[in-house]
Amino acid sequence: MGCVVHASCLVEAPGVIRHHQGNGLIIGEAAGRPSERAKALTDMLIAAGFNASMSEQIQRDVWYKLWGNMTMNPVSAITGATTDRILGDELVRSFVTSIMLEAKEIGARFGIPIDQDPEDRHAVTLKLGAMKTSMLQDVQAGKAVELDALVSAVRELGQLTGVKTPYTDALLGLACLHASTLGL
C-alpha cells in the first residue's frame, strides 16, 4: 500500500511536531489498481479526520509529489531558504524549472506523464508560504539527508530512459558536496 502525504509540519524538538497546514493523504495499491483494501483504509482515514482519497494509480501521485520535492528540498538544504524565497529568486526558480522539465520528460518516457508545467507546480508550492522543507529541517538538526530517494533516483531513471539530466546532475553534485561538507 502506498501513501502520499500532503502536510506541512515542523519538528520543534525531539518528539514535538508542530502541524502547520494540510492533512491530505492519497492512498493506493502498489500494483496501481484500486482495491477494496485501499478503499477501506481510505474510509478509515476519512473517519479519523484526514482529507484522504484513493488513487487510481499511486505511482502517478508519488511521481507528482517527487516532481516538486526533488528540487525544493535540496535547494533549501543548500541555501537555507524557505520555498517562497527559492521561487522568488528568478535565477533559482529558472534552475528549479529546468530540473523539473528533465524529470517531466523522464516520467513521460516510463509512462507517468505530468500534464502540468513547472509554473503550475510552483503556484501550488507558493500557496504553502514560507515553508521549511524537511531536508532543510534535517540539515539544521544535523541529520542525514535523503538525496538518494529524491535526486539520485531521478538521475538513474534518466539514464535508464535516455534522458539527459545536466541540471539534475548539477543539483545532485552540489547537494552531495554540501551534505558531505557538513558530515551529513
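Derivation of every value follows stated rules applied to the coordinates shown; laboratory data play no part. As the structure is a computational prediction, the values presented were derived from the model and not from experiment. Glycine also receives a Cβ, built like all others from the backbone with ideal geometry; neighbour counts cover every protein chain displayed.
Which whole-number percent gives the relative contact order of the chain, counting Cα pairs below 8 Å spaced six or more residues apart?
20
With a cut-off of 14 Å between beta carbons, the residues surrounding residue 58 carry a summed charge of +2, where Lys and Arg count +1 and Asp and Glu -1.
Put the Cα centre of region 114-135 next to the Cα centre of region 32-106 and the gap is 8 Å.
Give, in nm to one decimal, the length gained when the segment between residue 6 and residue 140 is fully stretched (0.36 nm per residue of separation minus the Cα-Cα distance).
Details: separation 134, 0.36 × 134 = 48.24 nm, distance 2.20 nm.
Gain in length upon complete extension: 46.0 nm.
Over region 1-56, all Cα pairs binned in 5 Å intervals from 0 give whole-percent P(r) values of 5, 20, 23, 19, 15, 11, 6, 2, listed from short to long. Compared with the alpha-carbon gap, the fully stretched path from residue 130 to residue 50 is longer by 26.5 nm at 0.36 nm per residue.
Please list, in order, the residues from region 10-33 whose amide nitrogen is less than 20 Å from a point placed 7 Å along the Cα→Cβ vector of residue 43. Of the residues in region 10-33, 25-30, 33 have backbone N under 20 Å from the label point off residue 43. So if a site counts as exposed when it's one of the trypsin sites (Lys or Arg not before Pro), its DSSP state isn't H, G, I, E or B, and it has at most 13 other Cβ atoms within 10 Å, what's the longest stretch of the chain without one? That gives 1-126 as the longest site-free run.
Counting only lysines at least 8 places from residue 39 when in the same chain, those with an alpha carbon closer than 27 Å to its own are 65.
Say the cut-off is 23 Å between C-alpha atoms; which of 104/164; 132/164; 143/164 go over it? Walk me through the numbers on the way to the answer.
On the way: 104/164 12 Å; 132/164 30 Å; 143/164 31 Å.
The answer is 132/164; 143/164.
The helix-only estimate of mean residue ellipticity at 222 nm for the chain, built from DSSP H runs of length n ≥ 4 each weighted as -39500 (n - 2.57), is -17500 deg cm²/dmol after division by the residue total. Shape index of the chain: Rg/Rh, with Rg the Cα radius of gyration and Rh the Kirkwood radius from the inverse mean 1/r over Cα pairs, equals 0.97.
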